[in-house]
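Here's the structure, in C-alpha cells; my notes come after.
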Amino acid sequence: MRCTAEYLAETYQQNLFRAALSITHNVQDAEDAVQNTYLKYLKTNTEFESEEHLRAWLFRIVSNQAKDTLRTFWHRNRTSLEDWMNDLEFETPEDRSLAEAVLNLPWKYSSVMHLYYYEDYSVKEIASILSVSESAVKHRLQKGRAALKTELEKENTEELIHE
C-alpha cells in the first residue's frame, strides 16, 4: 500500500507534528522532523501492509528524526518552551497547564505519554515505534505519570499561595 504525499500531510500532519514536538519541545525542530519523515517515505520503496502499518512506520520515523535533532549542536541554541506555547490554542486554561506540564517532562517520558494518551497507541505499539522494550514503555509511563502528578501538584500549590 502506497499513499500520496498530499494524503499523508492531510491525514497525519498534526499528529506527527505533536509527536515530534513532545520530543523536541521546539516548533521548528518538530516541523523539520515531520518534513524529513515525508522525505524518507517518498524515498522508500516499502509497500505497507495496511494503514496501521503505515501509521506506525511514520510515527517511528518521526520520533527517530526528532531524537536525532536533540543530538545536534543547534538544538541547544533554540527558542524556549514558553515562546512556542503562546502560539498554540487551548480550549481551557487547564488544558494549557496540562500540555505545558507534559512537555516539561524529559522527552523519554513526554513522548510515550503523548503516544499513549493522545495518539491511543498501546504499550506494544509504542515499544515498536520507539524501538524499546514493552517494559521500558511501561516504566516510562509510570515515571512520567509520577513526574506529571508532582508537577501539577506543585503548580496547584503555587497558585494557592499566590491567591
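The values are calculated or read from the model by the stated rules, or taken from the named source; none is laboratory data. Quick caveat: nothing in here was measured; it's all calculated off a predicted structure. Glycine also receives a Cβ, built like all others from the backbone with ideal geometry; neighbour counts cover every protein chain displayed. Please note that ligands, DNA and RNA were not included when accessible areas were found on the heavy atoms of the full protein model with its side chains. Shrake-Rupley method; radii C 1.70, N 1.55, O 1.52, S 1.80 Å.
Taking θ as phi - 60° and the Karplus parameters 6.51, -1.76 and 1.60, the scalar couplings of the range 132-139 work out to 10, 6, 4, 5, 5, 5, 4, 5 Hz in sequence order, x denoting glycine and proline.
Accessible area per residue for the chain is 59 Å², calculated with a 1.4 Å probe on protein heavy atoms, without ligands, DNA or RNA.
Computed from Cα atoms, the angle from the helix 5-24 axis to the main principal axis of the chain rounds to 40 degrees. Taking the Cα centre of the chain as reference, the dipole from Cβ charges on Lys and Arg (+1) and Asp and Glu (-1) amounts to some 1060 debye. Our coupling estimate for the range 111-127, obtained by passing each phi through the Karplus curve with A = 6.51, B = -1.76, C = 1.60 and θ = phi - 60°, is 5, 5, 5, 5, 5, 6, 8, 9, 9, 6, 7, 7, 4, 4, 5, 5, 4 Hz, Gly and Pro reported as x. For a straight C-alpha distance cut-off of 18 angstrom, the lysines reachable from residue 124 (same-chain residues fewer than eight places away being disregarded) are 108, 138, 143. Taking the protein heavy atoms of the range 5-74 in the context of the full set of protein chains, the accessible area attributed to carbon and sulfur is 50 percent at 1.4 Å.
The accessible-area ordering, largest first, of the residues 61, 129 stands as 61, 129, per a 1.4 angstrom probe. Ordered by 1.4 Å accessible area with all protein chains kept, 29, 120, 95 run largest first as 120, 95, 29.
With a 1.4 Å probe rolled over the protein heavy atoms of all chains, the accessible area of 116, 12 falls in the order 116, 12, largest first.
Considering only 116, 152, 63, and ranking their Cα positions along the charge dipole of the chain that arises from unit charges at the beta-carbon of Lys, Arg, Asp and Glu, the one farthest toward the positive end is 63.
Go ahead and set up a Gaussian network model of the chain, Cα springs under 10 Å, then flag whichever of 37, 92, 24 fluctuates most. Ranking 37, 92, 24 by mean-square fluctuation puts 92 first.
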